[in-house]
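*Asks:* Sharing a structure, written as structure tokens. Questions coming.
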Amino acid sequence: MAQRISQMPNEAIPFAQEAFPYSSVERGLGAMTLPNAGMKNMQDGGAYTKFVNPQAQRAQQQDMQNIQQNALAAQSGMASQAMGQVTNQMTQQSTADYKAQLGLNTTIANIMDATGNGAATREMGNPMLKDKRMNDIKVNRAMHSKQAAELGQIQAEAGRYRQA
């Protein structure tokens with residue numbers, strides 16, 4: 001990745017080199033002026049660049065910059081991946097809910113078909129058959145409690161006469 005060109009510190013550049021770009025701009029030559037006046041090697045106060053090869057340090061800096069840039073680029077990718085996983089999970093849950101509801105609806109349709117499209121339910125609401133149903137329930141309870149079925153019939157009739 002290309003390194004960014006940065007301005008050298010002002011204290012490292014003599015006044016004449018610093019003022020030169022401004023005079024070029026005054027004369028209309030601004031497009032030809034370099035953005036950084038730079039400095040001569042003799043003005044470099046450090047022995048590092050005179051006697052040591054800085055390529056290893058530059059390579060390390062570029063590697064660090066590469067890692068940083070890759071981390072920045074990976075953040076948006078990881079966020080997109082996380083949103084995709086959430087969407088996928090929501091879709092799977094919605095599909096499971098839909099299949100469960102579809103199975104329930106199918107079961108209800110099968111029961112309605114087997115009972116004559118709700119005829120048994122309509123019959124339960126018929127007031128003419130209420131006494132018969134109540135009698136059947138009492139007989140069933142008596143039989144379940146190991147009593148004689150006739151006892152349930154007698155209890156039902158006794159209850160009928162008490163209400164009148």
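*Asks:* Can you name every residue in segment 126-153 that is at pLDDT below 70 and either open to solvent by less than 100 Å² (accessible area, probe 1.4 Å) or of a type in the set (Gly, Ala, Ser) (or both)?
*Replies:* Scanning segment 126-153 gives Gln147, Ala148, Ala149, Leu151, Gly152, Gln153.
*Asks:* Of the residues Thr49, Thr115, which single one is surrounded by 11 or more Cβ atoms within 10 Å (Cβ to Cβ), modelled with pLDDT under 85 and farther than 30 Å from Ala19 by Cα?
*Replies:* Selected residue: Thr115, the only one of Thr49, Thr115 that is surrounded by 11 or more Cβ atoms within 10 Å (Cβ to Cβ), modelled with pLDDT under 85 and farther than 30 Å from Ala19 by Cα.
The values are calculated or read from the model by the stated rules, or taken from the named source; none is laboratory data. Everything quoted here is computed from the prediction, not taken from an experiment. Glycine also receives a Cβ, built like all others from the backbone with ideal geometry; neighbour counts cover every protein chain displayed. SASA here: full protein model, heavy atoms, side chains in, ligands and nucleic acids out. Shrake-Rupley method; radii C 1.70, N 1.55, O 1.52, S 1.80 Å.
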